[in-house]
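For reference, the structure is listed below as C-alpha cells.
Laboratory data are not the source of any read-out in this text; all were calculated from the coordinates shown. Computed from a predicted model, the values in this text were never measured in an experiment. Here the Cβ positions follow ideal geometry from the backbone for every residue, glycine too, while neighbour counts run over all protein chains shown.
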Amino acid sequence: MHRLLHLLLPNSCLWCQLPVQHPQQQLCNYCIAALPSLSLANHYQNALLLPAVWRGLKPVRFDLLHSLSWYQLPWSHWISQWKFQQDFACGELLCQQFALACQQFAASDCPKPQAVCFVPISRQRRKERGFNQAQQLAAVIAECWQIPLLDLFHSKNTQHQVGLNRQQRRANLRRQFRLHHRDPLPEHLLLVDDVITTGATIDQLCRLLRARQVQRIDIWTLAITPASIASLK
Ligand SMILES: [Zn+2]
C-alpha cells in the first residue's frame, strides 16, 4: 500500500505520506526534521570513538567509520525495501541522504580519501537483486567528491549472512573475497557498505587492502548496529 501510494502520488512523503514541499524531495520537512541521525560532529566524524561501536567491532583494521544512523526505523525499513523489494524510491532517498552526508563531511577538517571502493555481492546475488546497493552508494561519494570509483573485490559467497551468528559469519566469509585489482592502490581508500552489523565483512576486505599497503581506510555506511545488539546475533 505504501509503495502504491508513492507511485500514485509521487510527491508524497515516503514516511508519513503527506505532500512534500519540493518535487525532488522524498520526505516532507517534518520527517526530515524528525529523522534520527548519528551526530558525529563532536567525534571527528568518526563513529569508532563511540564505545557502543568499537566494543562490537574488535579487531578494527580501519581508521574511520562514518554512519548516517544506528540501524533503526525508519532507516532499517527503507534499506530493506531497497535491498529486498527493489523499491527504488527508498534507494533514491538513501542515496540523497548519503550525498548530504558527503557534503557535510567535506566541510569538516577530515582528510578526503583518494578513491572509493565498495563491498561486493556475488554474481548470483546481483542476478537476483539486479544491483549492488553498496556500489550505488559508493558512486554517490565518487560523484560528490570527484574521486575514482574502484571495483576492487570479487565475491564468490552465495550463502546469505542473515540469521548467522558472529562466528558463523566469520567462518563463512573467510576466503570468500578476492581482490582482483592489480594496479597499485591509493594510500587512502574509502570502503562503502550499506549496513554494518558485526563488521565481519568489512574486516575481511580491510585485511586484503592492508596486504596491498593501503595506509588509511575509511568506512562509510548508512546504518550500524550498536555492539550490545550485534553481540546477540
Ligand atoms: Zn513526512
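Taking θ as phi - 60°, what are the ³J(HN,Hα) couplings along the range 96-112 by the Karplus curve (6.51, -1.76, 1.60), each to the nearest whole Hz, with x for Gly and Pro?
Residue by residue, the range 96-112 yields 5, 5, 5, 5, 4, 5, 4, 5, 5, 5, 4, 7, 8, 8, 5, x, 8 Hz.
Enumerate the calculated ³J(HN,Hα) couplings along the range 20-35 in order (Karplus 6.51 cos²θ - 1.76 cosθ + 1.60, θ = phi - 60°), each rounded to whole Hz, writing x wherever the residue is Gly or Pro.
Rounded to whole hertz, the list is 8, 7, 10, x, 7, 7, 9, 10, 7, 4, 5, 5, 4, 5, 8, 5.
From the phi of every residue in the range 212-218, what ³J(HN,Hα) in whole Hz does the Karplus formula 6.51 cos²θ - 1.76 cosθ + 1.60 yield, where θ is phi - 60° and glycine or proline is x?
9, 6, 6, 7, 10, 10, 9
Translational diffusion coefficient, Stokes-Einstein: compute it for the chain using the Kirkwood radius over C-alpha pairs as Rh, at 4 °C and 1.567 mPa s, and state it as an integer in µm² s⁻¹. Walk me through the numbers before you get to the answer.
Working: Rh = 18.4 Å.
It diffuses with D of about 70 µm²/s by this estimate.
When the Cα centres of the range 183-224 and the range 92-134 are compared, how far apart do they sit, in Å?
12
Expressed in nm to one decimal, what extension gain is obtained for the pair residue 34 and residue 210 from 0.36 nm per residue of sequence separation less their Cα-Cα distance?
Here the segment from residue 34 to residue 210 would lengthen by 59.4 nm.
Sorting 156, 127, 112, 83 on the 10 Å Cβ count, fewest up front, what's the list?
Details: 156 12, 127 9, 112 15, 83 18.
Going from sparsest to densest Cβ surroundings: 127, 156, 112, 83.
Using R₀ = 35 Å, calculate the FRET efficiency as 1/(1 + (r/R₀)^6) where r is the Cβ-Cβ separation of residue 170 and residue 76; round to 0.05.
Numbers: r = 23 Å, r/R0 = 0.66.
Once the sixth-power term is evaluated, E becomes 0.90.
What do the square roots of 5 times the Cα gyration tensor eigenvalues come to for the range 57-168, in whole Å, largest first, as semi-axes of the equivalent ellipsoid?
Ellipsoid semi-axes (Å, largest first): 23, 18, 16.
What residues have an amide H closer than 5 Å to that of residue 20, excluding those fewer than 5 places away on the same chain, when H is modeled at 1.01 Å from N in the peptide plane?
Counting only residues 5 or more places away or on other chains, the set is 12, 13.
Place a point 7 Å from the Cα of residue 112 along the Cα-to-Cβ direction; which residues of the range 41-73 have their backbone N under 20 Å from it?
Residues passing the 20 Å test: 41, 44-46, 63-68.
Report the local net charge at residue 137: Lys and Arg +1, Asp and Glu -1, summed over other residues whose C-beta lies under 10 Å from its C-beta.
My count for the surroundings of residue 137 gives -2.
For residue 88 and residue 17, what is the calculated FRET efficiency with R₀ set at 22 Å and r taken between the beta-carbons, to the nearest 0.05? Walk me through the intermediate numbers first.
Working: r = 18 Å, r/R0 = 0.81.
Efficiency for this residue pair is about 0.80.
Under 5 Å between amide hydrogens, which residues at least 5 positions from residue 191 or on another chain qualify, with H placed 1.01 Å from N in the peptide plane?
Residues meeting the criterion, in which the H sits 1.01 Å from N, are 117, 218, 219, 220.
Neighbour counts of other C-beta atoms within 10 Å: give me 118, 84, 98 arranged from fewest to most.
Fewest-to-most ranking of 118, 84, 98: 84, 98, 118.
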